[in-house]
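One structure is given here, and the rest of the page talks about it.
The values are calculated or read from the model by the stated rules, or taken from the named source; none is laboratory data. In this text the structure is predicted, and so the values were computed from the model without any measurement. For neighbour counting, all protein chains shown are included, and Cβ atoms are generated from backbone atoms with ideal geometry for every residue, glycine included.
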Amino acid sequence: DGGITQSPKYLFRKEGQNVTLSCEQNLNHDAMYWYRQDPGQGLRLIYYSQIVNDFQKGDIAEGYSVSREKKESFPLTVTSAQKNPTAFYLCASSIYLRVNQPQHFGDGTRLSIL
Amino acid sequence: AQKVTQAQTEISVVEKEDVTLDCVYETRDTTYYLFWYKQPPSGELVFLIRRNSFDEQNEISGRYSWNFQKSTSSFNFTITASQVVDSAVYFCALRPTSGGYNKLIFGAGTRLAVHP
């Protein structure tokens, strides 16, 4: 079945540590996105990528980094510069340039600080 | 400004009751799209419906119906005869066509609890 796979489901970060969240899709979508969800809030866009080897900052990119070396993969690194990383992270994808098409989401990764 | 407001933070109903989730949006774009997503306890967002700004026809899908009113910038979602399985957080989202990329603006969500 086509879809988006995020791993791990739960992740714990130590002080000063960088951690990487994985996102893989087999939907053949060009565009991929990372969102952060905090309790009682909507999703906020961290980074997005419309094509391989290209990505742009979203609304809350500070303390995060991404790469897009393959169409299928869009990993997110939460760096030690992100002082409040505890949140639920969702990866999404969509067909490029078709703004009327919905974004498809993965199951999410819950990140906590040890 | 482009914004989505879901004023109802939490709603609690008893099974078989009808419930309406409100969504009000702001945009200056003449062409835009509106979406509803469901987030069950497992965490993933499930796409429910898409509506474009030129189509004000209401839609019904089983127990779900959507009322889009451009005059009041609202896109409300009604669940008829609610069931326990409807318990989830529901998000309304706006996709403006200005801005150059496929940006989705989410409301804060409404948590629906359906009790047996």
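Here are a few things to note about the model shown:
- Qualifying residue in segment A:68-78 (condition: within 12 Å of A:TYR35 (Cα to Cα) and touching a residue at least 60 places away in the same chain (Cβ under 8 Å)): no
- Check on B:SER73, more than 30 Å from A:ILE60 (Cα to Cα), hydroxyl-bearing (Ser, Thr, Tyr) and in contact with a strand residue (DSSP E or B) (Cβ under 7 Å, 6 or more places away or on another chain): no
- Checking A:ALA61 against (1) farther than 22 Å from A:PRO8 by Cβ; (2) part of a loop (DSSP other than H, G, I, E, B); (3) facing chain B (nearest Cβ under 9 Å), the condition it does not meet: (3)
- From the options A:GLN56, A:GLN41, A:GLN101, A:GLN37, residue that is buried (at least 22 other Cβ atoms within 10 Å of the Cβ), within 13 Å of chain B (Cβ to nearest Cβ) and over 10 Å from the mean Cα position of the chain (by Cα): A:GLN37
- Pick from segment A:58-85, criterion charged (D, E, K, R) and at pLDDT below 95, ranking: farthest from B:ALA108 (Cα to Cα): A:LYS83
- Across segment B:60-76, the number of residues qualifying as under 12 Å from the mean Cα position of the chain (by Cα) and modelled with pLDDT under 90 comes to 0.
- Scanning segment A:3-18 for residues that are under 24 Å from A:GLU62 (Cβ atoms) and touching a Ser or Thr at 6+ places or on another chain (Cβ under 7 Å) yields A:GLN6, A:PRO8, A:LEU11, A:PHE12, A:GLY16, A:GLN17, A:ASN18.
- Checked against the criterion of being crowded, with 20+ Cβ neighbours inside 10 Å and not charged (D, E, K, R), the candidates A:TYR48, A:TYR10 yield just one match: A:TYR48.
- Single unsatisfied condition, B:THR78 versus (1) assigned to a loop (DSSP other than H, G, I, E, B); (2) closer than 23 Å to A:GLN41 by Cα: (1)
- Close contacts from segment B:63-86, counting a first residue that is of a type in the set (D, E, K, R) and a second that is in a strand (DSSP E or B), with Cβ to Cβ under 6 Å and a gap of 6+ residues or different chains, come to B:ARG63/B:ILE79; B:ASP86/B:ILE79; B:ASP86/B:VAL114.
- Residue count for segment B:47-90 under the criterion of being surrounded by 16 or more Cβ atoms within 10 Å (Cβ to Cβ), within 28 Å of A:LYS9 (Cα to Cα) and not aromatic (Phe, Trp, Tyr): the result is 6.
- Pick from segment B:1-59, criterion free of Cβ contacts under 8 Å to residues at least 12 places away in the same chain and away from chain A (no Cβ under 13 Å), ranking: farthest from the chain's Cα centre (by Cα): B:GLN57
- Members of segment A:104-114 found to be more than 10 Å from chain B (Cβ to nearest Cβ) and either within 19 Å of B:GLN39 (Cα to Cα) or not polar (S, T, N, Q) (or both), listed by number: A:LEU111, A:ILE113, A:LEU114
- Scanning segment B:91-109 for residues that are surrounded by fewer than 22 Cβ atoms within 10 Å (Cβ to Cβ), out of contact with any Leu (no Cβ under 8 Å at 6 or more places or on another chain) and either in a helix (DSSP H, G or I) or facing chain A (nearest Cβ under 8 Å) (or both) gives B:THR97, B:TYR101, B:ALA108.
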